[in-house]
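Q: Take this structure, written in structure tokens, and hold onto it; I'll ask about it next.
The values are calculated or read from the model by the stated rules, or taken from the named source; none is laboratory data. These numbers come from a predicted model, not from an experiment. Cβ: placed from backbone, ideal geometry, glycine included. Neighbour counts: every protein chain shown.
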Amino acid sequence: MGQRTRIFTVIGRDLDLEEVCPRLKHCSYKITSPKDPRYNCVAYAVGDLKAFWYDAGVKGYYWPPGVSSSETIEGWVKVFELHGYRETQDRTLEPEYEKIAIYASAEGPEHVARQKASGIWTSKMGKGVDLEHTLEALEGDFYGKVVKIMKRKCEGGRVLEETKADS
């Protein structure tokens, strides 16, 4: 037999993603979009599916003017403060609030997830897929741990979620 290539036949699972985030192997998660390199987790959390949010200073990348570096937790916190979020310790679902969770490693912020109205968390995985998951499922060597939870009042619906009136 020749060299084997990995066959991804596990329905609804992403074996490459499970290598990066091993806790996903033991959790229920759902892939909710195809891969799309145009936006990242920060953009997805604020509802922008057209730009990659990072202060690289090149075309196709965006970082709000006057906000400190995307390499710092303070920079990420400021981005979400500009969008009406404030820090909280409460990870639970509060129906009147939309929440985000910032993951960080020793090197700095690595990822952000947004809580949906159902209570499940959703993320854009780098330049890959969008994913529904638990907060703990992404913690590990790659993304680090959740270090900040922020919330804002839901006014006019949640980011990237249909309201009953839209259905």
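Q: Taking the stated definitions as given, is K78 in a helix (DSSP H, G or I) and of a type in the set (K, R)? Working first, answer last.
A: Details: in a helix (DSSP H, G or I): yes; of a type in the set (K, R): yes.
Yes: the conditions hold for K78.
Q: What is the number of the single condition among (1) closer than 26 Å to C154 by Cβ; (2) modelled with pLDDT of 95 or more; (3) among the polar types (S, T, N, Q) that S28 does not meet?
A: With respect to (1) closer than 26 Å to C154 by Cβ; (2) modelled with pLDDT of 95 or more; (3) among the polar types (S, T, N, Q), S28 is out only on (2).
Q: Let me ask you something else. Every residue in the range 114-147 that is of a type in the set (V, I, T) and farther than 13 Å from S33 by Cβ, please.
A: Correct list: I120, T134, V146, V147.
Here is a yes/no grid of residues against (1) touching a Ser or Thr at 6+ places or on another chain (Cβ under 6 Å); (2) more than 19 Å from E110 (Cβ to Cβ); (3) loosely packed, with under 15 Cβ neighbours inside 10 Å:
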position	(1), (2), (3)
C41	yes, no, no
A56	no, no, yes
G60	no, yes, yes
R86	no, yes, yes
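Q: While we're here: State which residue is surrounded by the most Cβ atoms within 10 Å (Cβ to Cβ) when the search covers only the range 43-54 and only residues that are assigned to a loop (DSSP other than H, G, I, E, B) and out of contact with any strand residue (DSSP E or B) (no Cβ under 6 Å at 6 or more places or on another chain).
A: Initial filter on the range 43-54 (assigned to a loop (DSSP other than H, G, I, E, B)): 47-51, 54.
Retained after the next criterion (residues that are out of contact with any strand residue (DSSP E or B) (no Cβ under 6 Å at 6 or more places or on another chain)): 47-50.
Working: G47: 13, D48: 17, L49: 13, K50: 9.
Looking at residues that are assigned to a loop (DSSP other than H, G, I, E, B) and out of contact with any strand residue (DSSP E or B) (no Cβ under 6 Å at 6 or more places or on another chain), I get D48.
Q: Six or more apart or on different chains, Cβ atoms under 6 Å: show the pairs whose first residue is in the range 81-102 and at pLDDT 95 or above and outside any strand (DSSP E or B) and whose second is among the small types (G, A, S) and surrounded by 12 or more Cβ atoms within 10 Å (Cβ to Cβ).
A: As it stands, the answer is L93/G119, since those pairs meet every condition given.
Q: Let me confirm something: among G126, G119, which residue is touching a helix residue (DSSP H, G or I) at 6+ places or on another chain (Cβ under 8 Å) and either in a loop (DSSP other than H, G, I, E, B) or among the small types (G, A, S) (or both)?
A: G126
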